[in-house]
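The values are calculated or read from the model by the stated rules, or taken from the named source; none is laboratory data. If you're wondering where the values come from, they're calculated on a predicted model, not measured in any experiment. All Cβ positions, even for glycine, are placed from backbone atoms using ideal geometry, and neighbour counts span all protein chains on display. Please note that ligands, DNA and RNA were not included when accessible areas were found on the heavy atoms of the full protein model with its side chains. Shrake-Rupley method; radii C 1.70, N 1.55, O 1.52, S 1.80 Å.
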Amino acid sequence: MGSDSSPACSSMRRRSNAIRLDSDFSENPISMGRVVPKGSLRTLTVEVTSQCNLRCTMCARTLGTSSAGSAATLSRSLWRDILNQVQVESIVFAGFGEPTLHPGFPEMLLEADQREIETSFSTNGASFPDTIRNLLPSMRFFRHINFSIDSPIEAEYGDIRGGKLSKALQSAKDVAKALEKTTVTVSMSAVAMASNFPNFKFFPKILRMLGINVLVVQSLLESPNPFGVDHLASLPESTKYCRELQEAAAVERIAVNFEMPERLELELSAPKLFEERYTQAAEISGRTRLCILPWESAHVDARGRVFPCCRAAALSKAEMGDLTHERFQDIWSGPSYQQFRRGLLDPDAQPEVCQNCLAAPLSHMSLFGHSAEVSWDDCFIGENRVSIVATNIGKEPWTSTAPIRVGTIRARDRISPAATSDWLSPNRPAGALEECVSPGDRAHLNFSLGTWANGEAFQLVVDGHHWLPGTAFKITHNAEGSPVILPI
């Protein structure tokens, strides 16, 4: 139990309910002292080809900076090596090429499905093969397909992407129709820029006609001049255009998901604060990037090279290893990856590729403040009640202003069908029973499960700060059919 008599906890009280982090990129991996955790791979992003049938103005491939160039294709033998070497929850087929152009892509999807790996991919829809459209409804573990469009206006689409909007929309409509009786999510995405954002209000009506219910608004990550004409910070009345989009979406009953909500809000309403939090180089600000990606995911380009994230691959920097002559686990746990992780935790040693990243915010927060170790042997489940026990192995206490909680994952902060009335919120089952948990003390987090959903997944999170690596688990059944808590 946490001791209320400790100095750190003497004046703390329980916090009111908080249901999500400020943004997904405030997931700051922490360790105690200078011991850097190796991470637990959850998602692998795979670029099956760097070939593309469009030339998007903001794409790293068009800019000539991407790691795999413009004509690389992942070999089938290397793909099978990846499947044999990597234990992973999900594979996202993404990169800087069009995955459907790979002649073996249908077989790759099937091979991942046969191994019960959840898959998803994004496509430009410029030329969508019938073989893939007909395959998707039969796949058991295919979860999400996204159509990257960028403008609802034909001429503007052509200027941005160099193709025909009508072809992409027809592909999206055909795929949505093929998947309408499945649980697969079909979405459409667009990168918000000064040149196209005023027309986003026309997207919801188009999506409704296509049978698609989700619009994803992405933020511009790469630009020769981040504060030039294409950046939202340069757009007058940008908040008006955002309001028009949301009003149109409400009329058409379309969900609008902002990929980086905190960053977008700053771009629209506080560009100077956006510049301070995102665009100042980390090396001169004394801060670190709040990013958990090197601990939970990796990117493999079409030449088989491994990067800590797709942005590193976009700039062809921070290569961690090469799968053509190295094993993935040796790369993931090797010295290059560990040095990269260690640098990300140190404001004086930020990796070069992270210093000017526009995806993850900067913070002066102690990077060794919050960390947890779950005592799996002391956790239990019975009669739809779950009890999780975790030790604070960081340097900061869990308090009313930094509360440790159980949060939903897969996807993070999703609404859980297992939520009950005693949950803090539909994506936060429980907080610690203790008002304050000092370093070295234990927290107890108990919650009930309503509708049984096999495979419900959770992770510990310090709300307002970051998710805690190494604390994810799911509720499932063992061989005898009894419910169990399984670390993931």
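On C-alpha positions alone, give me the angle between the axis of helix 76-85 and the longest principal axis of the chain, in degrees, nearest 10. So the inclination is approximately 10 degrees. In the frame of its principal axes, the chain has Cα extents of 67, 55, 52 Å, reported largest first.
Pairs of lysines in the chain whose Cα atoms sit within less than 22 Å of one another amount to 18, provided the residues are eight or more positions apart or on different chains.
In the range 358-488 the Cα-Cα distances spread across 10 Å bins starting at 0 as 12, 45, 32, 10, 1 percent of all pairs.
If you split all Cα-Cα distances of the range 76-159 into 5 Å bins from zero, what percentages do you get per bin, shortest first? Calculated P(r), rounded to whole percents: 3, 13, 24, 24, 18, 9, 5, 4, 1, 0. As a ratio to 2.2 N^0.38 Å, the alpha-carbon radius of gyration for the range 136-203 is 1.24. Applying the Karplus relation 6.51 cos²θ - 1.76 cosθ + 1.60 with θ = phi - 60° to the range 476-484 yields 3J(HN,Hα) values of 8, 10, 8, 4, 8, x, 8, x, 9 Hz, where x marks Gly and Pro.
Karplus-based coupling profile of the range 464-474, in residue order and whole Hz: x, 10, 6, 6, 9, x, x, 10, 6, 7, 10, with θ = phi - 60° in 6.51 cos²θ - 1.76 cosθ + 1.60 and x standing for Gly or Pro. Residue farthest toward the positive end of the dipole of the range 356-447, with Cβ of Lys/Arg at +1 and Asp/Glu at -1: which of 399, 356, 439? Value computed over the given set: 356.
Compute the acute angle (0 to 90°) between the alpha-carbon long axis of helix 238-252 and the principal axis of greatest extent of the alpha-carbon atoms of the chain; round to the nearest 10°. So the inclination is approximately 90 degrees.
When the trypsin sites (Lys or Arg not before Pro) in the range 175-277 are filtered for DSSP coil states and for at most 13 other beta-carbon atoms within 10 Å of their beta-carbon, the remaining sites are 181, 253.
3J(HN,Hα) couplings calculated from phi for the range 309-324 with the Karplus curve 6.51 cos²θ - 1.76 cosθ + 1.60 (θ = phi - 60°) are, in sequence order, 6, 6, 5, 4, 5, 4, 9, 6, 10, 6, 5, 8, x, 9, 6, 6 Hz; Gly and Pro show x.
In the chain, carbon and sulfur make up what percent of the accessible area (probe 1.4 Å)? Numbers along the way, then the final one.
Working: 10230 of 20490 Å².
Carbon and sulfur atoms account for 50 percent of the accessible area of the chain.
Over the range 118-225, what is the percentage of antiparallel beta bridges among all DSSP beta bridges, to the nearest 5? Show your work: numbers first, answer last.
Values: 0 of 16 bridges.
Taking every DSSP beta bridge with both residues in the range 118-225, the antiparallel ones total about 0 percent.
Which of the peptides 299-307, 477-485 is most tightly packed, and how do the rest follow, going by the mean number of other Cβ atoms within 10 Å of each residue? Walk me through the numbers on the way to the answer.
Working: 299-307: 25.0, 477-485: 10.9.
Packing proxy ranking, top to bottom: 299-307, 477-485.
Just the accessible area per residue of the chain, please: how many Å² with a 1.4 Å probe? Don't skip to the end; give the middle numbers.
Details: 20490 Å² over 488 residues.
The answer is 42 Å² per residue.
Both numbers refer to the Cα atoms of the range 220-335; Rg and Dmax are 18.5, 54 Å.
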